[in-house]
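S.K.: What follows is a structure written as structure tokens; I'll ask about it next.
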Amino acid sequence: TPKGKPQVTFDLDAVQKLIDKIGDANWDQSHAALAALEQIIYNQSDNLENLKQIESMIQPLIAPESSLQVKDFACKQLSLFATELSVPALARLLNDSRTEPMARNVLEHIPGSLVDSVLLVQLEKTQPGPDRVGVITSLGNRRSSISVEQLSQIAIGFDKSSALAAIAALGKIA
């Protein structure tokens, strides 16, 4: 294990119990479970197989019926280790302006063209405004070469905030 990181056993049942508690409990009563899950994720940060299991188990926390606070917590954790497994659930969060920024934050960290495709679909659906600027910014942060054509069109469009974001994104991609 890395320096300063103790060898910790991985108890899948304990992780599931914490996730269930986080999903079911009153937000004010689940802080101990939040801290415990954060610690487990930290302890497993070098074990990709265990992180994949945790990622799969966290999916219900970003489901539509979860509270906004639970979704926010889950997205913060997923931003550390999420893979394409989480993309479909995160894509659903893009359709709500309250959860769109937290979903984009996770998506920006997931490698692969699937995320670029999801963001491009979202770009087509999003009206001018903060959410659209956010999607454009995420495409730039990902240096998404497949978005250049769409971003170029937006850069010469009439919506000033989207155009400026598109120009900045294209600058990151170039």
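S.K.: Remind me, relative contact order of the chain in percent, using alpha carbon pairs under 8 angstrom and six or more residues apart? Before the final figure, lay out the partial values.
M.R.: Values: 202 pairs, mean separation 24.2, N = 174.
The value is 14 percent.
S.K.: Also, quick follow-up: Would you mind working out the magnitude of the charge dipole of the chain relative to its Cα centre, with +1 at each Lys and Arg C-beta and -1 at each Asp and Glu C-beta, to the nearest 20 Debye? Please report the intermediate quantities before stating the final value.
M.R.: Values: 16 positive and 20 negative charges, 102 e Å.
Approximately 480 debye in magnitude.
S.K.: Shifting gears a bit: When the accessible area of region 87-174 is computed with all protein chains present and a 1.4 Å probe, what percentage of it is carbon and sulfur?
M.R.: On the way: 2540 of 4410 Å².
That share works out to 58 percent.
S.K.: Grab the alpha carbons of the chain, take their convex hull, and tell me the volume per residue in Å³. Intermediate results must be reported in sequence, preceding the final value.
M.R.: On the way: hull volume 21.3 nm³, N = 174.
Roughly 122 Å³ of hull volume per residue.
S.K.: Another one. Using alpha-carbon pairs under 8 Å, 6+ residues apart, how would you state the relative contact order of region 94-161 in percent?
M.R.: That works out to 34 percent.
S.K.: To continue, here is another question. Karplus couplings for region 159-174 from phi (6.51 cos²θ - 1.76 cosθ + 1.60, θ = phi - 60°), rounded to Hz, Gly and Pro as x?
M.R.: So the J values, rounded to whole Hz, are 7, 4, 5, 5, 4, 5, 5, 5, 5, 5, 5, 4, x, 6, 6, 4.
S.K.: Mind checking the per residue accessible area of region 61-118 for me, 1.4 Å probe, whole number of Å²? Write out the running numbers ahead of the final one.
M.R.: Details: 2510 Å² over 58 residues.
Roughly 43 Å² per residue, with all protein chains present.
S.K.: Efficiency by 1/(1 + (r/R0)^6): what FRET value for Glu108 and Thr9, r their Cβ-Cβ distance, R0 = 45 Å, to the nearest 0.05?
M.R.: Rounded to the nearest 0.05, the efficiency is 0.90.
S.K.: Using θ = phi - 60° and the Karplus curve 6.51 cos²θ - 1.76 cosθ + 1.60, what whole-Hz ³J(HN,Hα) does each residue of region 71-83 get, with Gly and Pro shown as x?
M.R.: 4, 4, 4, 4, 5, 4, 5, 4, 4, 7, 8, 4, 10
S.K.: Among Val148, Phe81, Val118, which residue has its Cα furthest toward the positive end of the charge dipole of region 33-174, with +1 on Lys/Arg Cβ and -1 on Asp/Glu Cβ?
M.R.: Ranked along the dipole, the leading option is Val148.
S.K.: Also: Under the rule a/c < 1.5 gives rounded, and otherwise a/b versus b/c splits prolate from oblate, where does region 54-137 land using the Cα gyration tensor?
M.R.: Values: a/c = 1.96, a/b = 1.32, b/c = 1.48.
Since a/c reaches 1.5 but b/c is at least a/b, the shape of region 54-137 is classed as oblate.
The values are calculated or read from the model by the stated rules, or taken from the named source; none is laboratory data. Since the structure is predicted, the reported quantities are computational estimates derived from the model, not experimental observations. Cβ atoms come from the backbone with ideal geometry, glycine included; neighbour counts cover every protein chain shown. Accessible surface areas use protein heavy atoms only, side chains included; no ligands, DNA or RNA. Shrake-Rupley method; radii C 1.70, N 1.55, O 1.52, S 1.80 Å.
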